[in-house]
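A.B. asks: Can you read through this structure? Questions will come right after.
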Amino acid sequence: QVLLVESGGGLVQPGGSLRLSCAASGTIFSINAMGWYRQAPGKQRELVAAIRSGGSTNYADSVKGRFTISRDNAKVAVYLQMNSLKPEDTAVYYCHVNSGIYESDYWGQGTQVTVSS
């Protein structure tokens, strides 16, 4: 059984920074991509950032230049460095892994990020 465990969420003032971490337990074969999604109250879940097996990355336009995604292949871990946080970044952030030829999806339980003064 694969579990993704996120950490690093919390309350931060506008302009502040947070670093989210996600570590996988269990065996995941052939990771295609790892990433972060978020869901704000009353809104749909949206992709924040993703990193593919070859190392290429993509970001939501709203976070470009402020957020950086990285990974540790040896640990099957993915990170999201969030700088210059804004109130509109407030959401539950979910770790996501897609793996295998059948593109299986795995999700973490979510971690709350609140940006408020």
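The values are calculated or read from the model by the stated rules, or taken from the named source; none is laboratory data. Keep in mind the model is a prediction, meaning the values are calculated, not measured. Note that each Cβ is placed from the backbone with ideal geometry, even for glycine, and that neighbours are counted across all protein chains shown. These accessible areas exclude ligands, DNA and RNA; they are computed on the full protein's heavy atoms, side chains included. Shrake-Rupley method; radii C 1.70, N 1.55, O 1.52, S 1.80 Å.
A.B. asks: Compute the whole-percent fraction of alpha carbon pairs in the chain spaced more than 21 Å apart.
C.D. replies: Taking all Cα-Cα pairs of the chain, the fraction more than 21 Å apart is 32 percent.
A.B. asks: Net charge near Gln13: determine it from the other residues with C-beta under 13 Å of the C-beta of Gln13, scoring Lys and Arg +1 and Asp and Glu -1.
C.D. replies: Charge balance in the 13 Å sphere: 0.
A.B. asks: Label points 7 Å out from Cα along the Cβ direction at Ile101 and Gln39: separation in nm?
C.D. replies: 3.2 nm
A.B. asks: Setting aside same-chain residues fewer than 8 positions from Lys64, which lysines have a Cα under 19 Å from its Cα?
C.D. replies: Cα-Cα hits under 19 Å: Lys86.
A.B. asks: Shifting gears a bit: How much of the accessible area of the stretch 63-111, in percent, comes from carbon and sulfur atoms when a 1.4 Å probe is used?
C.D. replies: So the carbon and sulfur contribution to the accessible surface is 48 percent.
A.B. asks: What distance in nm separates the two pseudo spin-label positions at Thr27 and Arg52, each 7 Å out from Cα along the beta-carbon direction?
C.D. replies: 2.7 nm
A.B. asks: Tell me the chymotrypsin sites (Phe, Trp or Tyr not before Pro) within the stretch 4-101 that lie in a loop according to DSSP and have at most 13 other beta-carbon atoms within 10 Å.
C.D. replies: Phe29
A.B. asks: Residues of the chain: accessible area per residue at 1.4 Å, in Å²?
C.D. replies: 54 Å²
A.B. asks: Near the amide H of Thr90, under 5 Å away, which other amide H atoms are found, from residues 5 or more places off or on another chain, if H is placed in the peptide plane?
C.D. replies: Excluding prolines and chain starts, which carry no amide H, the hits are Val115.
A.B. asks: Would you please classify the overall shape of the stretch 17-60 from the alpha carbon gyration tensor, given that a ≥ b ≥ c denote the square roots of the eigenvalues, rounded means a/c under 1.5, and beyond that prolate means a/b larger than b/c while oblate covers the rest?
C.D. replies: prolate
A.B. asks: Taking 0.36 nm per intervening residue step and subtracting the Cα-Cα distance, what contour gain separates Gln109 from Gln1 on full extension? Kindly include the intermediate steps, with their values, before the conclusion.
C.D. replies: Working: separation 108, 0.36 × 108 = 38.88 nm, distance 1.45 nm.
This chain segment gains 37.4 nm when fully extended.
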